[in-house]
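J.: Structure provided below as structure tokens; questions to follow.
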Amino acid sequence: MNPLPGLGVCTVAEWPALLAALDETFVTERGRSGSLAIRFPAALGQPHLADLRVVRDGAAIVSCCATRRFDWHTPAQSWRGAMIGMVWTRPGARGRGHAAQVLDFTLQALDADGVDFAVLWSSLPHFYARLGWQRHDRGVLGVSAGTTATATRVDAAFDPTLLEQLRATHEPLRVLRTADAWQARPLPAAHTRLLADETGAAYALLGEQDDTRYVYEVVGEPGCFPALWARISAGAGRVYVNDSLGSPFHRWLVTHTATRFNAQSLAHWWPLSHRGRAAHWRGWHIPWFDRI
Ligand SMILES: CC(C)(COP(=O)(O)OP(=O)(O)OC[C@H]1O[C@@H](n2cnc3c(N)ncnc32)[C@H](O)[C@@H]1OP(=O)(O)O)[C@@H](O)C(=O)NCCC(=O)NCCS
């Protein structure tokens, strides 16, 4: 494929300045901290620059988007997915079609490479709908007050092998996580915590910012949910829960707690391959923790 003039991939020399610009837009201007390279090591730590596509005006990068490829596991088969994030145009160059162009270039490249589907999360639905993305989200966001119970500060050690065993047993649909992927620190939390049930039959993965907790996932035996929830909410001012409609933990929270849930509408999909277009992707949900 011969891209149009100005379209290409980010070079090693260009990456530090581009990262600084992305950090400014997506982190600093939003009142957050922690570089995207640290928060999303799988996609932006030592980025696979071929997956960081850009538009240049002369020598200067004016627009870009990042791609994180992943394997999506379903009981019947595995799929090649690509998440798109950090869609960005330099402030002075906005409104000239650069973002649309870099997204189109990216989709063409992913399609040529045999990727089954692309997915992104955005609160600009009109922009993406106009380009042809299909908005469909099974996500729910819950909010709950914390409790005044004393929080136990002991976190579990990250043992990806054990965690993957629990995911394999309890999550029939899942993103296959690399070691890097387990190091993610999604926005806006300052750090990620892992709480493990003492039986080892379930865990909770959450982010924390001051006294606010952001639950990314609770996976394992439902019998462990009450004790894990007690630890998640102990000492918290507020607890946000990211989950998928009808998951075991979502159902448990709805039945046993006062957590108030709202449907999310951030996910936008673009089925690429023939089998991707025929897939039941409307039943899929990519957890918050895996996203870029
Ligand atoms: C969103 C963004 C990438 C668009 O880049 P761009 O090169 O100007 O995009 P295009 O020229 O292809 O399309 C412009 C369209 O984007 C839409 N758009 C851009 N920013 C928008 C916003 N904040 N709210 C609503 N729509 C917006 C408009 O529909 C605009 O259409 P118009 O020209 O008819 O008004 C750019 O505004 C940006 O970098 N914003 C900050 C980072 C960000 O929010 N990224 C998106 C994360 S999902």
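J.: If we keep just the residues of region 80-101 that are near the ligand (Cβ under 7 Å from one of its atoms) and of a type in the set (Gly, Ala, Ser), which is surrounded by the fewest Cβ atoms within 10 Å (Cβ to Cβ)?
T.: Here the answer is GLY95.
J.: Out of ALA181, ALA190, ALA157, ALA202, report the one residue that is surrounded by 17 or more Cβ atoms within 10 Å (Cβ to Cβ), modelled with pLDDT under 95 and within 18 Å of VAL215 (Cα to Cα). I'd like the intermediate steps shown before the answer.
T.: Values: ALA190 fails: surrounded by 17 or more Cβ atoms within 10 Å (Cβ to Cβ); ALA157 fails: surrounded by 17 or more Cβ atoms within 10 Å (Cβ to Cβ); ALA202 fails: modelled with pLDDT under 95.
Within the list ALA181, ALA190, ALA157, ALA202, the selection yields ALA181.
J.: Assess whether THR28 counts as being among the β-branched types (Val, Ile, Thr) and under 14 Å from the mean Cα position of the chain (by Cα). Reasoning before the result, please.
T.: Working: among the β-branched types (Val, Ile, Thr): yes; under 14 Å from the mean Cα position of the chain (by Cα): no.
In short, no.
J.: Restricting region 95-152 to residues that are β-branched (Val, Ile, Thr) and assigned to a helix (DSSP H, G or I), which is nearest to the chain's Cα centre (by Cα)? Steps first, answer last, please.
T.: Of region 95-152, the ones β-branched (Val, Ile, Thr) are 102, 106, 115, 119, 140, 143, 147-148, 150, 152.
Those still in the list that are assigned to a helix (DSSP H, G or I) too: 102, 106.
Values: VAL102: 20, THR106: 18 Å.
Ranking the candidates gives THR106 first.
J.: How many of the residues making up region 46-78 are assigned to a strand (DSSP E or B) and surrounded by 20 or more Cβ atoms within 10 Å (Cβ to Cβ)?
T.: Number satisfying all stated conditions: 14.
J.: Looking only at region 255-283, how many residues end up being assigned to a loop (DSSP other than H, G, I, E, B) and free of Cβ contacts under 8 Å to residues at least 12 places away in the same chain?
T.: Total meeting the criteria: 1.
J.: Any idea which of (1) out of contact with any helix residue (DSSP H, G or I) (no Cβ under 9 Å at 6 or more places or on another chain); (2) assigned by TED's automatic domain parsing to the domain that holds ASP71 is the one THR212 doesn't satisfy?
T.: Among (1) out of contact with any helix residue (DSSP H, G or I) (no Cβ under 9 Å at 6 or more places or on another chain); (2) assigned by TED's automatic domain parsing to the domain that holds ASP71, THR212 violates only (2).
J.: Looking at (1) at pLDDT below 95; (2) in contact with a Lys or Arg (Cβ under 9 Å, 6 or more places away or on another chain); (3) of a type outside the set (Lys, Arg), which is the only condition THR74 fails?
T.: The failed condition is (1).
J.: If THR67 satisfies every condition in (1) of a type outside the set (D, E, K, R); (2) out of contact with any helix residue (DSSP H, G or I) (no Cβ under 7 Å at 6 or more places or on another chain); (3) within 16 Å of the ligand (Cβ to nearest atom) but one, which is the exception?
T.: Against the list (1) of a type outside the set (D, E, K, R); (2) out of contact with any helix residue (DSSP H, G or I) (no Cβ under 7 Å at 6 or more places or on another chain); (3) within 16 Å of the ligand (Cβ to nearest atom), THR67 comes up short only on (2).
J.: Can you name the condition, by its number, that ALA76 falls short on among (1) within 19 Å of ASP116 (Cα to Cα); (2) without any contact (Cβ under 8 Å) to a residue 40 or more places away in the chain; (3) within 16 Å of the ligand (Cβ to nearest atom)?
T.: Single failed check for ALA76: (3).
J.: Is there any pair with a first residue in region 87-100 that is in contact (Cβ under 8 Å) with a residue 40 or more places away in the chain and a second that is more than 6 Å from the ligand (Cβ to nearest atom) and assigned to a strand (DSSP E or B) whose Cβ atoms are under 6 Å apart and which are 6 or more apart or on different chains, and what are they?
T.: That search, which allows pairs on different chains as well, returns TRP88/CYS64; ARG90/VAL62; HIS98/VAL55; HIS98/VAL62.
J.: Can you name the number of the only condition in (1) more than 14 Å from the ligand (Cβ to nearest atom); (2) within 24 Å of ARG238 (Cβ to Cβ); (3) surrounded by 17 or more Cβ atoms within 10 Å (Cβ to Cβ) that ALA149 fails?
T.: Of (1) more than 14 Å from the ligand (Cβ to nearest atom); (2) within 24 Å of ARG238 (Cβ to Cβ); (3) surrounded by 17 or more Cβ atoms within 10 Å (Cβ to Cβ), only one is false for ALA149: (3).
J.: Related question: For region 102-128, how many residues are under 18 Å from THR89 (Cβ atoms), aliphatic (A, V, I, L, M) and surrounded by fewer than 19 Cβ atoms within 10 Å (Cβ to Cβ)?
T.: Count: 1.
The values are calculated or read from the model by the stated rules, or taken from the named source; none is laboratory data. This one's a predicted model, so the numbers in the text were calculated from it and none came from an experiment. As a convention, Cβ positions derive from the backbone with ideal geometry for all residues, glycine included, and neighbour counts pool all protein chains shown.
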